[in-house]
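Asks: Before anything else, here's the structure in question.
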Amino acid sequence: MILLIGGCGFIGSHVADSLLARGLKVRVFDRRPEALRPPLAGVDYVIGDFSDSSLIYEAMSGVDAVIHLASTTVPATSNLDPVADIKGNLVATVQLLEVMRTTEVRKLVYLSSGGTVYGIPETEVVPETHPLRPISSYGIVKVAIENYLFMQHKLHGLQHVVLRASNPYGPRQGHTGVQGIIGTHLWRTARGEPVEIWGDGSVVRDFIHVRDLAELCAAAVQSDVAGCYNAGSGTGASVAQIVDSISRTVEQTGCTPMAPVYKPGRSLDVPRVVLDITRACRDFDWTPRIGLDEGIAESWQWVRGQVQGA
Ligand SMILES: NC(=O)c1ccc[n+]([C@@H]2O[C@H](COP(=O)([O-])OP(=O)(O)OC[C@H]3O[C@@H](n4cnc5c(N)ncnc54)[C@H](O)[C@@H]3O)[C@@H](O)[C@H]2O)c1
């Protein structure tokens, strides 16, 4: 049985699908039900806060491994209240690790952040060995959690896999502007609302389709390796390229693309992050399969369906 903490979120909902497709038993732990789908058949749901150690303790019954995807912040919100970030994510995760030790659950896959833990990258493509110099509370907390996992590995034999995810996108991505440019742009276009872009469009990111990322999570939880892994597509695309791809996709479906309004860049947005994914491809026998244009076209169809059905 896999305990999937944060399993009702954007990435978690896809990880649940990947685990079920592999025939694994899943218990989802989240503070709210999935917003966009009914409960999945065969999945055990526990609704609660993962900082509640007694509830987590109960949820650990019969569990072989944990995938931890809960986060109370994103980079932009974490700096508004770093103390809440530390309590909600670092302290709660250290408590979770203690419960796992007590209950002898010795395997954990954790979603860290390839876009923030390295800070401003010194290399065109960033390997896992790059220095960790985060410039947001979110990134600092991710690094601290990674270090606690390593400590548990060394002292108590925790088999930990840290996946430093880049920029996931795809169906079920949120539209509040905090989960990424592709989802936000598509939702606003579908609703005929203006699209705002931070910066001049030159910022480069490593976009990965959420199903490719979910497959990596599922492969990681079934593997015997331990350590830190970049989890991206391994290729960069600028925000301007994303805007072009979305415009083409939208036009092809007979709709009108929204011309974005460019706003001043934010200090927490680093200019370029592209991850070297050689290690993950090798150790998990995994490769990202869904190309950006294909993934954007699929996401657009999904968003249109949501807006038309609303
Ligand atoms: N989406 C991204 O761009 C991105 C990039 C890199 C890393 N990540 C990491 O991946 C993980 C999943 O991200 P996501 O995009 O699916 O986020 P999300 O907000 O869609 O999902 C997170 C889920 O965790 C749940 N949750 C949050 N706090 C909780 C708590 N205290 N107790 C119980 N449940 C709680 C939420 O209800 C939500 O369902 C996070 O750790 C995030 O930091 C996300």
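Asks: Treating cross-link reach as a plain straight distance, find the aspartates and glutamates whose alpha-carbon is under 18 Å from the alpha-carbon of residue 107, omitting any fewer than eight places away in the same chain.
Replies: Filter leaves 58, 64, 98, 146, 215, 224, 283.
Asks: To continue, here is another question. May I ask you to list the GluC sites (Glu not before Pro) in segment 86-137 that are in a DSSP loop and have at most 14 other Cβ atoms within 10 Å of their Cβ?
Replies: Those satisfying the criteria are 104, 122, 124.
Asks: Would you kindly derive the ³J(HN,Hα) couplings of segment 231-247 from the backbone phi angles with the Karplus curve 6.51 cos²θ - 1.76 cosθ + 1.60 (θ = phi - 60°), listing them in order in whole Hz, with x for Gly and Pro?
Replies: The phi angles translate into 9, x, 8, x, 10, x, 9, 7, 4, 4, 5, 5, 4, 4, 4, 5, 4 Hz.
Asks: Who wins for biggest fluctuation among 272, 282, 248 in a Gaussian network model of the chain, springs between alpha carbons below 10 Å?
Replies: Checking each option, the largest mean-square fluctuation is seen for 282.
Asks: Might you report the magnitude of the Cβ-based charge dipole of segment 37-140 about its Cα centre, with Lys and Arg at +1 and Asp and Glu at -1, to the nearest 20 debye? Walk me through the numbers before you get to the answer.
Replies: Details: 6 positive and 12 negative charges, 9 e Å.
The dipole of segment 37-140 has a size of about 40 debye.
Asks: Might you tell me the accessible area per residue for the chain, computed with a 1.4 Å probe and given in Å²?
Replies: Working: 13550 Å² over 310 residues.
Value for the chain: 44 Å² per residue.
Asks: Could you sort 175, 130 by accessible area so the largest value comes first, with the probe set to 1.4 Å?
Replies: Details: 175 75, 130 10 Å².
My answer, sorted largest first, is 175, 130.
Asks: Moving to a separate point now. Name the residues whose placed amide hydrogens come within less than 5 Å of the amide hydrogen of residue 165, ignoring near sequence neighbours (fewer than 5 apart) on the same chain.
Replies: Counting only residues 5 or more places away or on other chains, the set is 112, 113, 114, 231.
Asks: While we're here: Which one of 60, 86, 114 is farthest out on the positive end of the charge dipole of segment 1-132, using unit charges on Cβ (Lys, Arg +1; Asp, Glu -1) and the Cα centre as origin?
Replies: Working it through, the farthest residue towards the positive pole turns out to be 60.
Asks: Could you calculate the FRET efficiency of residue 22 with residue 150 from 1/(1 + (r/R0)^6), where r is the beta carbon distance between them and R0 is 25 Å, rounded to 0.05? Working shown, then result.
Replies: Details: r = 27 Å, r/R0 = 1.09.
The formula returns an efficiency of 0.40 here.
Asks: In a Gaussian network model over the chain where Cα atoms closer than 10 Å are linked, find which of 25, 154, 107 has the largest mean-square fluctuation.
Replies: Highest fluctuation of the listed residues: 154.
Asks: Could you calculate the FRET efficiency of residue 101 with residue 306 from 1/(1 + (r/R0)^6), where r is the beta carbon distance between them and R0 is 51 Å, rounded to 0.05? Numbers along the way, then the final one.
Replies: Working: r = 42 Å, r/R0 = 0.82.
The formula returns an efficiency of 0.75 here.
Asks: Oh, and also: Could you size up the charge dipole of the chain around its Cα centre, putting +1 on the beta carbon of Lys and Arg and -1 on that of Asp and Glu, and report it in debye to the nearest 20? Walk me through the numbers before you get to the answer.
Replies: Working: 27 positive and 32 negative charges, 45 e Å.
Its charge dipole is roughly 220 debye.
Asks: Taking only C-alpha pairs under 8 Å that are 6+ residues apart, what is the relative contact order of segment 1-110 in percent?
Replies: After rounding, I find 30 percent.
Asks: Give, in nm to one decimal, the length gained when the segment between residue 31 and residue 1 is fully stretched (0.36 nm per residue of separation minus the Cα-Cα distance).
Replies: Value of the extension gain: 8.8 nm.
Asks: Same structure again: About the Cα centre of segment 13-64, how large is the charge dipole given +1 on each Lys and Arg Cβ and -1 on each Asp and Glu Cβ? Please answer in debye to the nearest 20.
Replies: Working: 6 positive and 8 negative charges, 38 e Å.
Rounded to the nearest 20 debye, it is 180 debye.
Asks: Hey, another quick one. Apply the Karplus parameterisation 6.51 cos²θ - 1.76 cosθ + 1.60, with θ equal to phi minus 60°, to every residue of segment 66-77 and state each ³J(HN,Hα) to the nearest whole Hz, in sequence, with x for glycine and proline.
Replies: The phi angles translate into 10, 10, 10, 10, 7, 8, 8, 9, 10, x, 5, 7 Hz.
Asks: Between residue 272 and residues 5 or more places away or on another chain, which pairs have amide H atoms under 5 Å apart, with H built 1.01 Å from N, and which residues are they?
Replies: The answer is 204.
Asks: I'd like the antiparallel share, as a percent to the nearest 5, of DSSP beta bridges with both residues in the chain. Working shown, then result.
Replies: Working: 2 of 37 bridges.
So the antiparallel bridges in the chain amount to around 5 percent.
Asks: Report relative contact order for segment 204-308 in percent, whole number only (criteria: Cα-Cα under 8 Å, sequence separation at least 6).
Replies: Values: 99 pairs, mean separation 46.3, N = 105.
Relative contact order for segment 204-308 comes out at 44 percent.
Asks: Most mobile of 230, 147, 89 per a Gaussian network model of the chain (Cα springs, under 10 Å)?
Replies: Maximum fluctuation in the GNM of the chain, among the listed residues, is at 147.
Asks: I've got another one for you. Take every Cα pair under 8 Å in the chain that's 6+ residues apart, average their separations, divide by the length, and report that relative contact order as a whole percent. Before the final figure, lay out the partial values.
Replies: Numbers: 592 pairs, mean separation 57.9, N = 310.
Contact order relative to length: 19 percent.
Asks: Now, a different point. For residue 259 and residue 91 in the same chain, what is the full-extension length gain: residue separation times 0.36 nm, less their Cα-Cα distance, in nm? Before the final figure, lay out the partial values.
Replies: Values: separation 168, 0.36 × 168 = 60.48 nm, distance 4.28 nm.
Contour length minus Cα-Cα distance gives 56.2 nm.
Asks: Which ³J(HN,Hα) values, rounded to whole Hz and listed in residue order, are derived for segment 294-310 from phi using the Karplus coefficients 6.51, -1.76 and 1.60 in 6.51 cos²θ - 1.76 cosθ + 1.60 with θ = phi - 60°, glycine and proline given as x?
Replies: Working through the residues one at a time gives 4, x, 5, 4, 5, 5, 4, 4, 5, 4, 4, x, 5, 5, 5, x, 6 Hz.
Asks: 5 Å is the cut-off here: which amide hydrogens, built 1.01 Å from N in the peptide plane, fall below it relative to residue 26, excluding neighbours closer than 5 in sequence?
Replies: Under 5 Å from the amide H of residue 26: 2, 44.
Asks: Extension gain residue 53-residue 294, at 0.36 nm per residue separation less the Cα-Cα distance, in nm? Intermediate results must be reported in sequence, preceding the final value.
Replies: Details: separation 241, 0.36 × 241 = 86.76 nm, distance 4.20 nm.
Contour length minus the Cα-Cα distance gives 82.6 nm.
Asks: Related question: Please name which of 152, 270, 247 has its Cα lying farthest along the dipole of segment 148-278 towards the positive end, using unit charges on Cβ (Lys, Arg +1; Asp, Glu -1) and the Cα centre as origin.
Replies: Checked the options; the winner is 152.
The values are calculated or read from the model by the stated rules, or taken from the named source; none is laboratory data. These numbers were taken from a predicted model, which means no experiment stands behind them. Ideal geometry is used to build each Cβ from the backbone, glycine not excepted, and the neighbour counts take in all protein chains shown. The protein model used for the area step is the full one, side chains on, heavy atoms only, and it has no ligands, DNA or RNA in it. Shrake-Rupley method; radii C 1.70, N 1.55, O 1.52, S 1.80 Å.
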